[in-house]
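Since the structure comes first, as C-alpha cells, the remarks are kept for the end.
Just so it is clear, none of the values below were taken in a lab; they were calculated from the coordinates. Predicted model only: the values in this text are computed from it and were never measured. We place every Cβ from the backbone using ideal geometry, glycine too, and count neighbours over all the protein chains shown.
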Amino acid sequence: MTIKRILESKGSNVITLHPDVTLADVAKVLSEKRIGAIVLVEENGTVAGIVSERDIVRVVGANGPESLRRVVRDVMTLKVTTCTERTTVDEALQTMTSGRFRHLPVLSDGRLAGLVSIGDVVKRKIEDAEAEAEEMRGYIAAG
C-alpha cells in the first residue's frame, strides 16, 4: 500500500501559506481549517518549511503572546522530511514515528502533491488489517 492510495481517498488539497506571514496568521488558519500543520511555500511553489500547532505552542510558551507577531519564517522547520506517492504506508509510518512528527508532505517531481498525517496512515493500516482479517474469515469459512 502506498501514499498515493491515501491521497486518492482523502484528496491532495493542501493548505499552504507563504513563510512571511505571522504566527498569528498561521494560528488563525490552523483553527479555521481544523488542521494541525501548514506547509509553507515560496512564490515559485517550492516547499520552504512546515509549522505545526506544537511549534506555535513552543514559541508562545517560551516567549509569550507577543511572539505571535513574529514571521513564521523565523520559527518554521526548515529541514522538511518528505515522501513521494510511491512511499509505502509502512515507510511513512516509520519515518513519522522515528522523526517524532505527525505530518509528512508528499512531493511529486519536486512539487507539493499532498500532505498525510499520522492519522491518515494509521487509518489506512487499520483498514488494511480489517480487510485482511475479513479475507481470512472468508477463506476459512469456504474451506
Span from the region 1-42 Cα centroid across to the region 86-143 one, whole angstrom:
19 Å
Mean Cβ count within 10 Å, highest first, over the residues of peptides 102-108, 20-26
102-108, 20-26
If I build a Gaussian network model for the chain, linking alpha-carbon pairs within less than 10 angstrom, which residue out of A133, A48, A37 has the largest mean-square fluctuation?
A133
Tally Lys and Arg at +1 and Asp and Glu at -1 over the other residues with C-beta under 12 Å from the C-beta of R111: what net charge comes out?
-3
What is the Rg over Rh value, at two decimals, for region 3-142, using alpha-carbon atoms and the Kirkwood definition of Rh?
1.08
With contacts defined as alpha carbon pairs under 8 Å and 6 or more residues apart, what's the relative contact order of the chain in percent?
26 percent
